[in-house]
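**Q** Next up is a structure, given as structure tokens.
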Amino acid sequence: MPKPAKKPVGAQPDNPQQLILDGVVVDNTWRLLPLGGEEEITANNLAAGKVILPLSIWLELREALQARKDEIGVWLDSDETADLIGDFAQELPLIATHFPAFTDGRAFTAGRLLRQRYGFNGELRAVGNFIRDQLTYLNRCGFNAFAYQGEQSLQGLLDSMQDFSDSYQAAVDQPLPIFRRRALV
């Protein structure tokens, strides 16, 4: 008997034509596959090119897709933790985390864990319904790519990432708290 397909948390993330990557607006070269599509996805019928797979599909096809590992990314839904990828994170060029609503902050934790616990150095992309006010905090958690699906211009979002000149706490982007940085001067 086939196992039931995972249902997404909230609306599926969009895959905009442009995004912010490493502080620059760029064209999106990756295709994000939604959960629960019409056709069953297999290693043989997966289209060529850069593809971001839902975690459940990637887990099933991981071994069969080893030859394509440089063009296969994974997206985590908000109810899926970084531990589900774990040490395999270092094999991936891109991991996206889904924000089904801007009030759902679980993807912040997933991003920080992927960077700090699992040593992920690839593109860490925020997808879904995050808002401009969260960009600085996403960046502090290790996100370097933002597939924004709101109405604001991407250049306006870039400008908002300069809203804060310094931070008190340690984070992925600044491992030393301010009192340690000032003691070094």
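**Q** Could you check the range 14-114 for strands (runs of 3 or more DSSP E) lying wholly inside it with 3 or more residues that are among the hydrophobic types (A, V, I, L, M, F, W, C) and more than 14 Å from the chain's Cα centre (by Cα)?
**A** In the range 14-114, the matching strands (runs of 3 or more DSSP E) lie at 24-27.
**Q** Let me ask another. Condition test on Y148, is it touching a Leu at 6+ places or on another chain (Cβ under 7 Å) and either at pLDDT below 80 or hydroxyl-bearing (S, T, Y) (or both)?
**A** For Y148, the condition - touching a Leu at 6+ places or on another chain (Cβ under 7 Å) and either at pLDDT below 80 or hydroxyl-bearing (S, T, Y) (or both) - is met.
**Q** Also, quick follow-up: Taking the residues in the range 75-91 that are over 12 Å from G105 (Cα atoms) and among the charged types (D, E, K, R) as candidates, determine which candidate is surrounded by the most Cβ atoms within 10 Å (Cβ to Cβ).
**A** Step by step, filter the range 75-91, then rank; the result is E80.
**Q** Of the residues L55, L65, L94, which is over 30 Å from Q169 (Cβ atoms), out of contact with any Pro (no Cβ under 9 Å at 6 or more places or on another chain), crowded, with 17+ Cβ neighbours inside 10 Å and not aromatic (F, W, Y)?
**A** L65
**Q** Being in a loop (DSSP other than H, G, I, E, B) and farther than 15 Å from Q90 by Cβ is the filter here, so list the residues in the range 115-130 that pass it.
**A** N129, F130
**Q** Going by the structure shown, is A43 at pLDDT below 90 and touching a helix residue (DSSP H, G or I) at 6+ places or on another chain (Cβ under 8 Å)?
**A** yes
**Q** Is it fair to say G119 is farther than 20 Å from L61 by Cβ and more than 12 Å from the chain's Cα centre (by Cα)?
**A** In short, yes.
**Q** Take the conditions farther than 19 Å from A145 by Cα and among the aliphatic types (A, V, I, L, M) and apply them to L35. Does it pass?
**A** In short, yes.
**Q** Looking for whichever is buried (at least 23 other Cβ atoms within 10 Å of the Cβ) and either under 25 Å from V51 (Cβ atoms) or at pLDDT below 85 (or both) here; the options are G142, G111. Which one fits?
**A** After ruling out the rest, the residue left standing is G111.
The values are calculated or read from the model by the stated rules, or taken from the named source; none is laboratory data. Remember, it's a predicted structure, so these values are computed and weren't measured experimentally. All Cβ positions, glycine included, derive from the backbone under ideal geometry; neighbour counts span all protein chains shown.
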